[in-house]
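Following: one structure in structure tokens, then a few remarks.
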Amino acid sequence: MLGTPTELRRSTPESLGLASKDILEFIEAVEKADLELHSLMLLREGQVIAEGWWAPYKKEYIHLLYSLSKSFTSTAIGFAVQEGRVSIDDSVISYFPAETPSNPSPYLQAMKVRHLLSMSTGHDDGDMTDMRTREDDDWVKGFLAREVQHEPGTHFVYNNGATYMLSAIISKVTGKSTLEYLRPRLFLPLGIDRAIWDCCPKGITIGASALNITTESIARFGQFYLNRGMWNGHRLLADSWFDLATSYQVSNATNDQPDWQQGYGFQFWRCQNNCYRGDGAFGQYCIVIPEFKMVVAITGSVGSMQDVLDLFWKHIHANVKSAALPDNPEANCALNSKLHSLSLHGPDGKAISPVIPRVSGKMFKRTGGESDFQSVIFDFDPQGCTFTVRSDRGDRSIRAGTTQWAHGVTSIEAAGGKRIAAMGSWTSEDTYEIKLRYTESPSGLTIVTRFDGDSVSVVMTKSARFDSLEGPTFEGQLARVPAGMAMSR
């Protein structure tokens with residue numbers, strides 16, 4: 001059957017020209033550099049040669065892709081071109097006559113679909129804030145109302161609004177969201193059966209970000225591009241699309257990182273070593289290496305994405321061989337042992353403190369801080385701690401393990417439960433720290449609590465966010481319970 005999903009084959013690295021020790025050295029170098037990866041999959045000739053997830057992240061979890069989503073939006077345009085619904089040489093405003101300003105500038109009139117794809121719309125700024133904050137919730141109008149400072153096609157700027165407009169075009173010509181449109185054409189044939197993609201208030205898939213899929217789904221997408229639209233012996237997307245999407249379309253040489261100045265395609269970055277990739281903030285990668293018939297899928301939470309690429313080029317790409325290597329069971333065993341034991345570290349501290357008997361199970365009522373918390377409670381036991389905050393929104397809890405990640409769901413920061421894992425330890429006798437990871441996202445939270453007599457202070461710090469990293473704070477005092485009365489929790 002056309003597009004029937006199949007399992008990816010697994011092979012040893014040596015059988016496909018890579019040494020297990022080189023992959024192991026890459027992983028060790030990443031960890032030594034304190035680069036927080038969440039997952040890694042390496043494919044060569046369509047076969048998985050290495051795969052691993054850093055606990056608490058798991059193979060079956062979906063992961064927020066951020067701007068790696070853009071490459072999927074581009075692919076939706078490819079399908080629409082194939083079906084005759086869109087031409088990349090159409091003007092953008094031809095799709096939105098009702099939303100176009102009454103007096104469109106010459107540059108806006110000259111803007112084509114290809115300029116949206118190649119981030120060469122002519123804008124000086126690609127931020128979507130002005131679009132998102134419109135009172136009428138019409139992001140399309142917001143985009144078209146912007147001043148276009150340069151002739152389209154002559155100036156590159158990374159532009160989230162441009163990708164959103166591609167998604168809006170898909171909705172306009174198909175009557176479906178980009179996710180709905182791609183599901184039968186790409187996702188289901190490739191075996192991507194779990195995909196979540198947020199929409200704007202008008203129901204248009206955001207396109208520029210907010211796609212959530214598994215790491216293996218990223219790898220399958222990369223393999224689809226390496227295969228130039230073929231899957232299971234059937235062509236899904238025209239070969240000509242891949243020449244356009246993954247080739248140099250516009251210069252981005254003003255960027256200061258080597259893998260961000262090799263040219264830009266249609267929502268794909270050109271890389272060093274004649275490779276290309278889709279990527280997303282904080283370490284989401286889909287790297288395609290045609291020369292070696294390789295695909296690399298990575299998720300993570302890193303500050304410097306170039307650092308990860310530098311280590312990959314050094315330890316893996318530079319050592320790929322064209323023929324199989326001799327079997328090396330010992331090295332392969334060492335690699336597999338590492339891959340199966342990957343884990344992020346919890347806070348560096350001790351499991352117990354003399355403070356525990358005095359504070360465990362006690363309620364601390366709010367005296368100050370920047371949060372809606374009315375009170376907090378810490379329940380310690382030999383396996384960890386349950387941290388509970390009480391507010392008008394009810395009780396919200398986090399379970400932190402002592403020696404292992406404790407998995408759960410919480411709404412500690414926002415409405416709606418999110419999948420989390422947490423680990424805690426005493427970094428000093430009076431300070432307890434919880435490290436929390438949102439296990440379907442690059443984001444995390446560090447909660448540092450200091451107990452001082454009958455007082456407590458709680459400071460939360462966010463990680464991998466575009467907005468402020470300052471989280472809620474709380475200052476409290478031990479609640480006094482009248483003699484003979486039990487504390488209600």
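The values are calculated or read from the model by the stated rules, or taken from the named source; none is laboratory data. All of these numbers come straight from a predicted model, not from anything done at the bench. Every residue, glycine as well, gets a Cβ built from its backbone with ideal geometry; the counts of neighbours run over all protein chains shown.
Key figures for this structure:
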item: Residue count for segment 58-105, restricted to those that are part of a helix (DSSP H, G or I), of a type in the set (Gly, Ala, Ser) and touching a residue at least 40 places away in the same chain (Cβ under 8 Å); result: 7
item: From the options ALA33, ALA76, residue that is surrounded by fewer than 21 Cβ atoms within 10 Å (Cβ to Cβ), out of contact with any Pro (no Cβ under 8 Å at 6 or more places or on another chain), of a type in the set (A, V, I, L, M) and at pLDDT 95 or above; result: ALA33
item: Of all residues making up segment 130-187, the number that are in contact (Cβ under 8 Å) with a residue 40 or more places away in the chain, part of a helix (DSSP H, G or I) and aromatic (Phe, Trp, Tyr); result: 3
item: Yes/no for THR215 being more than 28 Å from PHE292 (Cβ to Cβ), β-branched (Val, Ile, Thr) and crowded, with 19+ Cβ neighbours inside 10 Å; result: no
item: Some residue of segment 398-414 being in a loop (DSSP other than H, G, I, E, B), within 25 Å of SER468 (Cβ to Cβ) and without any contact (Cβ under 8 Å) to a residue 12 or more places away in the chain; result: yes
item: Every residue from segment 297-336 that is of a type in the set (Gly, Ala, Ser) and either within 16 Å of LEU35 (Cα to Cα) or not assigned by TED's automatic domain parsing to the domain that holds ASP259 (or both); result: ALA297, GLY300, SER301, GLY303, SER304
item: Condition met for VAL320 (among the β-branched types (Val, Ile, Thr), over 18 Å from the mean Cα position of the chain (by Cα) and closer than 16 Å to LEU43 by Cα); result: yes
item: Subset of segment 354-393 that is small (Gly, Ala, Ser) and at pLDDT below 95 - its residue that is nearest to the chain's Cα centre (by Cα); result: SER371
item: Residue within segment 480-489 that is modelled with pLDDT under 95, under 21 Å from ASP372 (Cβ atoms) and in a loop (DSSP other than H, G, I, E, B) present; result: yes
item: Residues located in segment 189-239, provided they are under 24 Å from GLY84 (Cα atoms), within 17 Å of the chain's Cα centre (by Cα) and not in a helix (DSSP H, G or I); result: THR205, ILE206, GLY207, ALA208
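Conditions (1) more than 20 Å from TYR181 (Cβ to Cβ); (2) touching a strand residue (DSSP E or B) at 6+ places or on another chain (Cβ under 9 Å), marked per residue:
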| site | (1), (2) |
| --- | --- |
| SER71 | no, yes |
| SER102 | yes, no |
| MET111 | yes, yes |
| LEU117 | no, no |
